[in-house]
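Before any comments, here is the structure.
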Amino acid sequence: MSRLLIIFGLSLVALGLLWPVINKIGLGRLPGDIVIERDNFRVYIPLATSLLVSVILSLILWLANR
């Protein structure tokens, strides 16, 4: 369990350090992400981004379990 927590923590640190690069790629403004803007509020629903992150994480975990 401790190994899993260490890997998860290091992954979060790596994601935080790579966040500017990820932002430049456009991962958060993909076609399929829903943005609703009105006068005094904004709703952002990242459907396509969530699916892409889910597929990537599934592949990484599948490869780690092999």
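The values are calculated or read from the model by the stated rules, or taken from the named source; none is laboratory data. Note that this is a predicted model, so its numbers are computed, not measured. Positions of Cβ are generated from backbone atoms using ideal geometry, with glycine treated the same way; all protein chains shown enter the neighbour counts. Side chains included, ligands, DNA and RNA excluded: accessible areas come from the protein's heavy atoms. Shrake-Rupley method; radii C 1.70, N 1.55, O 1.52, S 1.80 Å.
Of all residues in segment 39-54, which are among the hydrophobic types (A, V, I, L, M, F, W, C), surrounded by 10 or more Cβ atoms within 10 Å (Cβ to Cβ) and part of a strand (DSSP E or B)?
45
Please pick out the residue among 29, 38, 42, 66 that is closer than 22 Å to residue 3 by Cβ and not acidic (Asp, Glu).
66
Which one of these is on the phi < 0 side of the Ramachandran plot, at pLDDT 85 or above and surrounded by 10 or more Cβ atoms within 10 Å (Cβ to Cβ): 15, 10, 5?
The conditions single out 10.
Check residue 36 against each of (1) surrounded by 11 or more Cβ atoms within 10 Å (Cβ to Cβ); (2) hydrophobic (A, V, I, L, M, F, W, C); (3) more than 14 Å from the chain's Cα centre (by Cα) and name the one condition it does not meet.
Failed condition: (1).
Consider only pairs whose beta carbons are under 9 Å apart and that are at least six residues apart or on different chains; among these, list those whose first residue lies in segment 19-33 and is within 17 Å of residue 51 (Cα to Cα) and assigned to a helix (DSSP H, G or I) and whose second residue is modelled with pLDDT under 80 and open to solvent by less than 50 Å² (accessible area, probe 1.4 Å).
Here the result reads 22/28, each pair linking segment 19-33 to a residue that is modelled with pLDDT under 80 and open to solvent by less than 50 Å² (accessible area, probe 1.4 Å).
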